[in-house]
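These notes concern the structure reproduced below.
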Amino acid sequence: MYPVAAAALGRVLTVAGMMATDMKSIDNVLSIIVKGDGPLGNIVCVARQDGALKGYVNNPQLDLPLNHKGKLDVGKAVGRTGTLTVIKDLGLKEPYVGQVNLVTGEIGDDMANYYWISEQQPSVVALGVLVNPDLSVRASGGYIIQPLPEADEEIIGSIEKKIKEMPSVSSLIEQGHSPEGILEILLGNFDLKILGRTPLSFHCDCNRERLEQVVISLGKEELTNIMETDGQAELICHYCNTKYYFSREELASLIEKAE
Ligand SMILES: [Zn+2]
């Protein structure tokens, strides 16, 4: 994954992780889909309430020059026109779906806009990813701050002022600040209490059965075509790059199921 793609995916994964751990129960799943008109293509991230995360971008090897501030140009990669969709599967009959138009494609601004438009919640969303010259990720993280409805205007004002004076979240992480340390810098003057911690981890729950369903959903005609031209099929999970092979015999039995 090239730096600008890693930065874009890292920002969406970070915010997805924070939003998901805010949900109620362990089987709740949250997805964020960013569809911009930029060359990166779509960004898709899925996060569980217990902190398990996965995600991908359509074009991970996108390379773009730095923007005028010398930063990775996530806005250009994502595009400034398009949609950001949040899907919350809360185990109810229908999932909750909220969608807004992109504002800058930088993700942080777009998520703050999502909270305001879709959930009527004023929010500060800070997200940042630093990438090393060897393409490994040096620092990645973020924070979301949301006042309760009865919050004091004066306190909100002083937090806003504090945020403007703060270094970027990625440079705070690079300097070695923990999440608690960053909160202490931001909110230490306001009787900060840490109420919970959820570790985040990569986890892909793909399996052969699920991929079989994907193959079946192609339909009889398409499957017959694949079997006659290629004699087999190979599917690669977007999230973890696991390869799944389907032999001619297996395709034949899936075609029967498709019927
Ligand atoms: Zn997978």
Flagged in the range 36-74 as more than 16 Å from the ligand (Cβ to nearest atom), under 20 Å from Gly108 (Cα atoms) and surrounded by 19 or more Cβ atoms within 10 Å (Cβ to Cβ), in numbering order, are Gly36, Gly38, Leu40, Gly41, Ile43, Leu72, Asp73, Val74
Cβ pairs under 7 Å, 6+ apart or interchain, first in the range 58-73 and over 17 Å from Asp37 (Cα atoms), second loosely packed, with under 15 Cβ neighbours inside 10 Å, ordered by first then second residue, are Leu72/Leu66
Given (1) farther than 30 Å from Lys71 by Cα; (2) touching a helix residue (DSSP H, G or I) at 6+ places or on another chain (Cβ under 8 Å), Glu209 misses just (2)
Considering residues that are among the acidic types (Asp, Glu) and over 30 Å from Asn59 (Cβ atoms), the number found within the range 208-256 is 4
The helices (runs of 4 or more DSSP H) lying entirely within the range 191-259 that contain at least 1 residues which are under 22 Å from the mean Cα position of the chain (by Cα) and within 16 Å of the ligand (Cβ to nearest atom) are 208-217
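Let me confirm something: among Lys76, Lys71, Lys93, which residue is modelled with pLDDT under 95, closer than 30 Å to Tyr2 by Cβ and not hydroxyl-bearing (Ser, Thr, Tyr)?
Step by step, each of Lys76, Lys71, Lys93 is checked, and only Lys71 is modelled with pLDDT under 95, closer than 30 Å to Tyr2 by Cβ and not hydroxyl-bearing (Ser, Thr, Tyr).
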Any residue that is assigned to a helix (DSSP H, G or I) and in contact (Cβ under 8 Å) with a residue 60 or more places away in the chain - is there at least one of those in the range 21-37? yes
Here, helices (runs of 4 or more DSSP H) confined to the range 76-181 with at least 2 residues that are within 15 Å of the chain's Cα centre (by Cα) and buried (at least 20 other Cβ atoms within 10 Å of the Cβ) are 108-119
Note to self: Quick check on Leu187: is it surrounded by 14 or more Cβ atoms within 10 Å (Cβ to Cβ), among the aliphatic types (A, V, I, L, M) and within 16 Å of the ligand (Cβ to nearest atom)?
What the structure shows: no
For Asn132, the lone unmet condition from (1) touching a Lys or Arg at 6+ places or on another chain (Cβ under 8 Å); (2) touching a residue at least 40 places away in the same chain (Cβ under 8 Å) is (2)
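The values are calculated or read from the model by the stated rules, or taken from the named source; none is laboratory data. Keep in mind that what you see is a predicted model, and the values were worked out from it rather than measured. Positions of Cβ are backbone-derived with ideal geometry, glycine not excepted, and every protein chain shown enters the neighbour counts.
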